[in-house]
Structures are given as structure tokens and as C-alpha cells.
There are 2 protein chains.
Amino acid sequence: MTSPIRVTMTGGARGSWRVTRTNQVTGEGLAAVDRLAVVEDGGHDHVAAGRDGISWVLRGYTSNSRYTTAAETAELRAKQADLGRPEATLAALIPIRKSVEWWQLAQDERRAILAEQSRHISIGLEYLPGVARRLYHCRELGEPFDFLTWFEYPPSESGAFERLVDRLRASQEWRYVTRELDIRLIRDR
Amino acid sequence: MTSPIRVTMTGGARGSWRVTRTNQVTGEGLAAVDRLAVVEDGGHDHVAAGRDGISWVLRGYTSNSRYTTAAETAELRAKQADLGRPEATLAALIPIRKSVEWWQLAQDERRAILAEQSRHISIGLEYLPGVARRLYHCRELGEPFDFLTWFEYPPSESGAFERLVDRLRASQEWRYVTRELDIRLIRDR
């Protein structure tokens, strides 16, 4: 994944993902919606909340890795699954915002909290390839969140996914999370 | 600098910076222009090339630091000067694009090339506070460059600035630069 992929996610009446549950984990929520549409690479540049039954729009982009070492990257690439597997009918959209304190930390300080103390990278590795994952960045776009984290998994991995999310939320890194939603989805179109 | 600052730079007939020299260092150039306007935080969201005498538009945003350690960050903050000093009447806009190979490297590999091998951070420190600097990111915006690097300095620092640029261009890191322009400017409005 070398070229950044732009994404537009719309919450509303349309989309191939049906919302099964929305958990307002930390901070302000978003309006409850029936469906989520995910469109890549500018296909939805024109969409806006308040039209076509759309309640909210979130935008982001993939980027280069920010924390993983060469060894970790090799392990991730060897184990991880692509998005869009037919059997991965469940998904989670977890938008996250982190505090000013987090963003004022230097690179080595953020890496120490995320990787060494919180084991974010190694915990994530344990759940591959069952849980496929993609990270979209959005802090610099003036969006309400800093990241849109996206997960896809088959029903057989539901229990594992709950453990993954619980472990990350219990980590040191999550002390810097000031806003978090957890939207669970099923692909039925 | 914790909240990202968005910037729009327009090359054309208007702007408080007059172009004194444009050096097409590597790869494709941009149309020659008389003036550059720099507007922050969405003030110029509506501008477009081909209107109001504008030949080209470049956009970017500041972000958190990506490579500097806590110790380096402290040294940078202690030494660096703000933009907009009255005596800093000269500026350079150096837009840069890096190769696919660069962006495929892991965080530790990029840090090793940029900091340990190329001494980018420590070389930059030597020229503070005379040369003030700001880095705008734009790779994820679908822009023609990955970074817009911006420097401001008084005429007395011109020689030092040339040495800074020469040293960076001679570094290992610059082997990954596939497109680079160097636009020199004087503030006369």
C-alpha cells in the first residue's frame, strides 16, 4: 500500500453495511444511523450531511506506517489479510480522537507508549489474519476524529475481536483517547 | 504547534512574496510566476489555477513531528525562531516529492536514513535561529508534491542558507527525492 487511499464514510439510510450496534465509548457521539457506505478514492467527494438521507460524513486517508519497524512490518505483511474477504461479513468502525498531550509527544515517546508499553503492534499481530484491519488518518483534514480504524472479520472471529478491543482499551495508549465510538456492522448488500 | 495549520500557496500575479529565482532541481517544474501568496487555515479554499492570475495552487498542512526524539524536540524548540520576523525578508519554498521506495520503508529505516545517516535534524539545528522553517505535508492530499518546505531568513543569513541546502542535497536522504523545485522569494508588500 504505497499510494494513499482516500475514503469517505457516510452514515445514513444507504450503504452495504447495516449498523447492528453503536457504542459511545468516550466523549461525544454521532447521530444513530441505519447504514454505512464506504467509498474510496474520491468517489464521494460531493456527498454532504443533510442530503440523500445522510446524517454524517467522515473522511480520511491511508498513509505510510508511522511506528512499525522493518521487522514488525515484515511480520504484519506476512500475516495480514486483505479487506473484502467474502467470509468477513462483520465489520467495526472505531473512530478515535487523541488528546493534545499525545500530539505534543515526540516520536520516540509516542512509539514507547504505543509499542513498548501498550504492545499495540504485537497485540494486533496476534489477531491476524482473522481480523483484517485498515487505518485511515484524518486529524489534518479538520475532521472530528484523528483516526478512522476499520476492521473486517468472519462471525467465527467475533469473540477474538472483542478480546482485541478490550486489551487495547486497557492499555496505557488509551489514556490519551479523548473521543471514541464503536460502530458494529454486518454486510448484507 | 499542536493543531494542524492548513496552508494554500498560490503562484501567480499576486501575493506579498516576489519570486527572485526558480531552480528546477529534479524532475518536472511548475510554470514561472511573478509572485507567491501564502494563506493559512482555509482562507483560500476557493482559489483555483486559471483564475485571478493564478498559475498554480499548492496545498498542505502542518502535523505532529514524525522523526524527532524528545531530546531533539527540546533542542529545536529552544533554538528555533517563529515565522514572520520583520528582518526575515527572504524566503525559500522548496516543494519535494520522494520515491515509492522511500514510502515503502519502515519507520526505523526512514529514521536511520534521515537522522543517523543524513543528519537532517542536526544539520538543521546548526542554522537555527537564523533560518526559520516550517514543514507542510501534502502527500495524502493527492498533491503533486509530498512536502512543501518553507524557510524565512534575513539577508545576512543568505550564505548560511545556501550551505544548509547544499548539505541536505548531498545527503543519503536526498537519493529518495524524485522531484524538487527551489523558489526564492523576497517580501516587498
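Just so you know, all these numbers are worked out from the coordinates, no wet-lab data involved. Note that this is a predicted model, so its numbers are computed, not measured. In this analysis, Cβ positions are derived from the backbone assuming ideal geometry, glycine residues included, and neighbour counts consider all displayed protein chains.
Quick look at the numbers
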{"quantity": "Any hit, region A:34-44, residues being closer than 14 Å to A:LEU93 by Cβ, surrounded by 14 or more Cβ atoms within 10 Å (Cβ to Cβ) and β-branched (Val, Ile, Thr)", "calculated": "yes"}
{"quantity": "Search result, residues across region B:114-123 that are crowded, with 19+ Cβ neighbours inside 10 Å and either facing chain A (nearest Cβ under 10 Å) or not hydroxyl-bearing (Ser, Thr, Tyr) (or both)", "calculated": "B:LEU114, B:HIS120, B:ILE121"}
{"quantity": "Residue tally, condition farther than 14 Å from A:THR69 by Cβ, of a type in the set (A, V, I, L, M) and without any contact (Cβ under 8 Å) to a residue 40 or more places away in the chain, over region A:100-116", "calculated": "3"}
{"quantity": "Residue list for region A:96-113, filter: out of contact with any helix residue (DSSP H, G or I) (no Cβ under 8 Å at 6 or more places or on another chain) and exposed (fewer than 15 other Cβ atoms within 10 Å of the Cβ)", "calculated": "A:VAL100, A:GLN104"}
{"quantity": "Residue list for region B:171-180, filter: touching a residue at least 12 places away in the same chain (Cβ under 8 Å) and either within 14 Å of the chain's Cα centre (by Cα) or closer than 18 Å to B:GLN104 by Cβ (or both)", "calculated": "B:GLN172, B:GLU173, B:TRP174, B:TYR176, B:VAL177, B:THR178, B:ARG179, B:GLU180"}
{"quantity": "Selected residue (criterion: farthest from the other protein chains (Cβ to nearest Cβ)) from residues of region A:130-156 that are surrounded by 15 or more Cβ atoms within 10 Å (Cβ to Cβ) and free of Cβ contacts under 8 Å to residues at least 60 places away in the same chain", "calculated": "A:GLY130"}
{"quantity": "Qualifying positions in region B:63-78 - more than 8 Å from chain A (Cβ to nearest Cβ) and surrounded by 14 or more Cβ atoms within 10 Å (Cβ to Cβ)", "calculated": "B:GLU75, B:LEU76"}
{"quantity": "Wholly enclosed helices (runs of 4 or more DSSP H) of region A:70-170 bearing at least 1 residues within 17 Å of the chain's Cα centre (by Cα) and more than 25 Å from A:GLU28 (Cα to Cα)", "calculated": "A:70-79, A:120-126, A:158-169"}
